[in-house]
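*Asks:* Below you will find the structure I want to go over with you.
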C-alpha cells in the first residue's frame, strides 16, 4: 500500500496506485456551484440507496450501496474520516479534482469535503468516523452539513406527505 497527497486541497488517497487516478477539474471548486447543481437535480426522480449503520467501541461505520449509472451528490462533512471502497468503480470529484476510484481503495477525507460521484459499477462505500455516539439522527447532525437546496427539497416532500395525509386520513404515516 502507498499513500499519496493528491493536492493540498484534496483528501489523501491510500491504496494501490492502480485503483485511484486523479485529474484536475475546475480549480474554481465552489460549494455554491455544487448546491446549484444539486438544486437542479433534486426535483428529478431520486434513487434509493440502502444504508447500513454499524457500531464498535468509539467507532461509527456507515455503509451505502450505490447502483451503477447513477449520479450522487454527498453532503458536506464536518469531520476528517476514512472512506473504504469495497466494490465498484466511480468518478469522484472532491475539491475540484476528479478521481477515478476502483475498489478496493481507502481515502481519507478532510473537513469540509463534499463529493460528487458518477457510479460506473455498483459501489459499496463505507465511511468510518471516530465517535462514541450511537444515535443515528444525532450522528447525522454532528457529521454532515445539509445544503439549503437539500433542506428545501426535504421540506417540499414533507409538505406533500402532509397533504396526502390530510386528503386521505386513513393513510398510515411512515
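Any read-out appearing in this document is the output of simple, stated calculations on the displayed coordinates, not a laboratory observation. Because the structure is a prediction, the values reported are computed rather than measured. A quick note on method: Cβ atoms are made from the backbone with ideal geometry, for glycine too, and the neighbour counts reach across all protein chains shown.
*Asks:* Describe numerically, in nm with one decimal, the distance between label points set 7 Å from Cα along Cα→Cβ at residue 64 and at residue 108.
*Replies:* Taking the simple label geometry, residue 64 and residue 108 are separated by 2.3 nm.
*Asks:* What order, most packed first, do the peptides 91-103, 127-139 have when packing is the mean number of other Cβ atoms within 10 Å of each residue? Numbers along the way, then the final one.
*Replies:* On the way: 91-103: 19.8, 127-139: 13.3.
Output ranking for 91-103, 127-139: 91-103, 127-139.
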